[in-house]
Amino acid sequence: MCRRVLMIASSNPGKLREVRALLSDLDLEVLPAPSEALNGIEETGKTFAENALIKAHAVAQRTGNIALADDSGLEVDALDGSPGVLSSRFAPTDEERNRKLLNLLEDVPDEKRTARFRCAVAVVTPEGSSEVREGICEGTIGHEPRGSNGFGYDPVFFFPPLGRTFAELSSEEKNAVSHRGKALRAAREALASVFASS
């Protein structure tokens, strides 16, 4: 019997690693969507959930497989919630995004450097039915990048309960507390329901 295929609407290797790890115990073949299925998708949503649905609908229709997409980003209170849905477009590279963020917060005191990662996960069938789940992780923005694990804003996102940045955590530690981990754990029930009815 063929394993059920779940197509991930992302080409981000860090994101794919996290999704695979968090869903590793499910009887699914978790595959990255081919580049042609991702081409030309415009994330025009005003929320993470809208963008996740845009990506998942496109990949499900183009591949004929059930698709999972996440849209996530960093919300910094001192910047009125920016970069938010524009997190990946805040600057060209991870390093430049982190440097820009730290520069903007240069004179902001520690108690006002609160921030959160927010993630929305969408599961969509080729027929168009969809489920969305969200996860949030609260933290603060440090004063310099620390750690070499993870990706994106992980080196500057400090997680007080563990006393380290996300980039200083092991993959297992991060997945246990992260926004994406929470959203994907919430999405497992949706995945089971979607595959049961497909």
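The values are calculated or read from the model by the stated rules, or taken from the named source; none is laboratory data. Just so it is clear, the structure is predicted and the values come from calculations on it, not from any experiment. Neighbour counts run over all protein chains shown; Cβ positions are idealised from the backbone, glycine included.
The table below lists the values:
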{"read-out": "Meets criteria (under 16 Å from the mean Cα position of the chain (by Cα), closer than 22 Å to K15 by Cβ and free of Cβ contacts under 8 Å to residues at least 60 places away in the same chain) for V85", "value": "yes"}
{"read-out": "Residues of segment 86-101 classified as in contact with a helix residue (DSSP H, G or I) (Cβ under 7 Å, 6 or more places away or on another chain) and surrounded by fewer than 22 Cβ atoms within 10 Å (Cβ to Cβ), total", "value": "2"}
{"read-out": "Residues of segment 1-22 that turn out to be out of contact with any strand residue (DSSP E or B) (no Cβ under 6 Å at 6 or more places or on another chain) and either over 18 Å from A190 (Cβ atoms) or modelled with pLDDT under 90 (or both), as a count", "value": "11"}
{"read-out": "So R118, is it in contact (Cβ under 8 Å) with a residue 24 or more places away in the chain, crowded, with 22+ Cβ neighbours inside 10 Å and either within 28 Å of N65 (Cβ to Cβ) or in contact with a helix residue (DSSP H, G or I) (Cβ under 8 Å, 6 or more places away or on another chain) (or both)", "value": "yes"}
{"read-out": "Output for segment 153-171, where each listed residue is within 25 Å of A49 (Cα to Cα) and either basic (K, R) or at pLDDT below 95 (or both)", "value": "S171"}
{"read-out": "Residue list for segment 94-130, restricted to those being assigned to a strand (DSSP E or B), under 16 Å from D154 (Cβ atoms) and of a type in the set (A, V, I, L, M, F, W, C)", "value": "A115, F117, C119"}
{"read-out": "Residue in segment 141-150 that is in contact with a Gly (Cβ under 8 Å, 6 or more places away or on another chain) and over 12 Å from L74 (Cβ atoms) present", "value": "yes"}
{"read-out": "Check on L53, touching a Gly at 6+ places or on another chain (Cβ under 9 Å) and either small (G, A, S) or buried (at least 20 other Cβ atoms within 10 Å of the Cβ) (or both)", "value": "yes"}
{"read-out": "Pairs, first closer than 15 Å to V19 by Cβ in segment 166-178, second loosely packed, with under 15 Cβ neighbours inside 10 Å, C-beta under 9 Å, six or more apart", "value": "S171/R17"}
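Residue-by-condition table, conditions (1) in contact with a His (Cβ under 9 Å, 6 or more places away or on another chain); (2) surrounded by fewer than 18 Cβ atoms within 10 Å (Cβ to Cβ); (3) in a helix (DSSP H, G or I); (4) touching a residue at least 24 places away in the same chain (Cβ under 8 Å):
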| site | (1), (2), (3), (4) |
| --- | --- |
| V19 | no, no, yes, yes |
| D25 | no, yes, no, no |
| V30 | no, no, no, yes |
| G40 | no, yes, no, no |
| E43 | no, yes, no, yes |
| K46 | no, yes, no, yes |
| A58 | no, no, yes, yes |
